[in-house]
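Every read-out reported here was derived from the displayed coordinates using simple, explicitly stated rules and does not represent laboratory data. Remember, predicted model here, so these are calculated numbers, not experimental data. Positions of Cβ are backbone-derived with ideal geometry, glycine not excepted, and every protein chain shown enters the neighbour counts.
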Amino acid sequence: MAKKIIGYCRVSKIEQDINSQALEQQISRVKSIRVDDVYVDVLSGRKNDRENFLRLLEEIKLGQISQVVATRLDRITRKLKTQIEFIDLLKEHNVTLKILDQDYIDTSTASGLLFCHLLGAVAQNESDQLSERINHGLDYYRSQNRPMGACLGYQMTKEKLIISTDKILCEISSKKEFSRYDLARWLIDEFLSLRATYYSTSKKYNEKFGFQSSRLTNNRSNPTPSLSPTGIKRWLLNPQLRGHLVYYPNTEKQQIIYGTHTAILTPIEWIKIQEKINFYPEKQLVKTSNYSLSGLLYCSKCDRRLTVSKQKIRKNHEIIGWKIYYRCIRSTHGKCEQKKRISADEVKTELKEFLRQKSEYLSHFDSQQKNTICPEIVELTNQIEVMQSLPKNNAIDEAIRKLEKEKNDIESNQQNIIKNQTENIDILQKIYETKGFWDCLTEDEEKEVFKALIKKIVFDGFNIDIEPRF
Ligand SMILES: [Zn+2]
């Protein structure tokens, strides 16, 4: 069976509202290249459960596709993580990627790949601005005191939240049926039981009701209400459970409208939850691995990955936060002599400075090194001149030819290096031109950008040694 060339087009609902022709324009442009079929999704690029995107992934995995064509990279995805995974998948199955508006993207070279990842990071940044525009539209809801979504336990009506009692699950062993409200009740009781943590509650909940954690399942088209430890924490703290509506949660604009619907948490339960959260240190309640440097730091002595440790930050005997450190866990078992630790903030500051300097260096490289001739070429040119001054014979002619070939190879090789370096400058400049690039990244996003740029960071007890991917 011949492999197919597939065009992929996507518009989000908002983009569609702004320009009703947007999708048609994309399709006709993709069709101007000879494609066998065009797959279309009308959904946000942040969502991975797009029907035709999933179909595309499936067919790539089955080896049915030779090339994917799109107008822009952000049509494929706006999530950096998905993009990295997508490009890895293409490479794995020898699929080429053609981006009509960004024809310089070449995922077969290291620097092209890096550029591609950075465009992904920038696209994600744009998408954040887009969500801000959505927020403006939703101001209307707030002015009406209308809910913008229901947390577990509730369902939405046009005007308000009501407790959700429709049975959605059946436990096979006991044939007992559960509604969303029952699930919420179970979670609260479980969390308030002795010794329960976010982690144990999440584990028990997902096991009891047969949910797979989203990390384990790729089937995003059928989302189950599985809950991660952090998800449970966020849910317990959601004012909806106490009968209040919250707008723009966890932002400066956060606003709570009290007593808009029936509460699920009783006042006593709420006090107990707060006590539990304040009593146990964060460390025991949540197990998290989402620190942006995790997986990148290595021990110089034993070459193992460093592990996170946390320390309380106190102010007037009150815990006001946590300081994150990395250290070699083997040293605590006496198996490695590297006992020193390094703070995550220190590493991040150094890392960002490293990337800034790298971008500066690369821009100098652009203007200076392009015109400097490398010593090897000078040497070869001299040798050729000497040869040419000698009396002619076949052996000398042959030697001159060889030297000239060598010289040409080095020259073209150098030009390639310059070409790659020039591309790297574009990438890094993109980062530093994007205002507040680092500030607007979440810990997860920052992690992805670091992952895209940095291969490894080695800690020797005093300093770090950064090994970039370019
Ligand atoms: Zn070690």
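Please tell me which of these pairs span more than 24 angstrom C-alpha to C-alpha: Lys4/Lys31; Lys175/Lys233; Lys348/Lys451; Lys358/Lys447?
With Cα atoms farther than 24 Å apart: Lys175/Lys233.
The residues packed around Arg330, meaning those with a beta-carbon under 11 Å from its beta-carbon, carry a net charge of +4 if Lys and Arg are +1 and Asp and Glu are -1. Each of Ile76, Asn48, Ile65 was scored by the projection of its Cα onto the charge dipole of region 16-78, and the greatest displacement toward the positive side belongs to Ile76; charges sit on the C-beta of Lys, Arg, Asp and Glu.
Describe numerically, in nm with one decimal, the distance between label points set 7 Å from Cα along Cα→Cβ at Trp322 and at Arg341. Reported label-point gap for Trp322 and Arg341 is 1.2 nm. A simple packing score, the average count of other Cβ atoms within 10 Å per residue, orders the peptides 292-298, 319-325, 349-355 as 292-298, 349-355, 319-325, with the highest score first.
Across all directions, the shadow cast by the convex hull of region 297-343 built on its C-alpha atoms averages 3.6 square nanometres.
With a simple spin-label model that places each label point 7 Å from the Cα along the Cα-to-Cβ direction, the separation between Lys276 and Cys374 comes to 6.4 nm. Here region 297-343 is treated with +1 on each Lys and Arg Cβ and -1 on each Asp and Glu Cβ, and its dipole about the Cα centre works out to around 40 debye. For Glu24 and Glu85, a Förster radius of 30 Å and the Cβ-Cβ distance give a FRET efficiency of 0.55, rounded to the nearest 0.05. Would any residue of region 308-327 have its amide N under 17 Å from a label point 7 Å out along Cα→Cβ of Lys203? List them or say none. Within reach of a label on Lys203, which here means backbone N under 17 Å from a point 7 Å along Cα→Cβ, region 308-327 contributes nothing. Note on Ser309 and Lys167: the model spin-label points, each 7 Å out from Cα along the C-beta direction, lie 5.3 nm apart.
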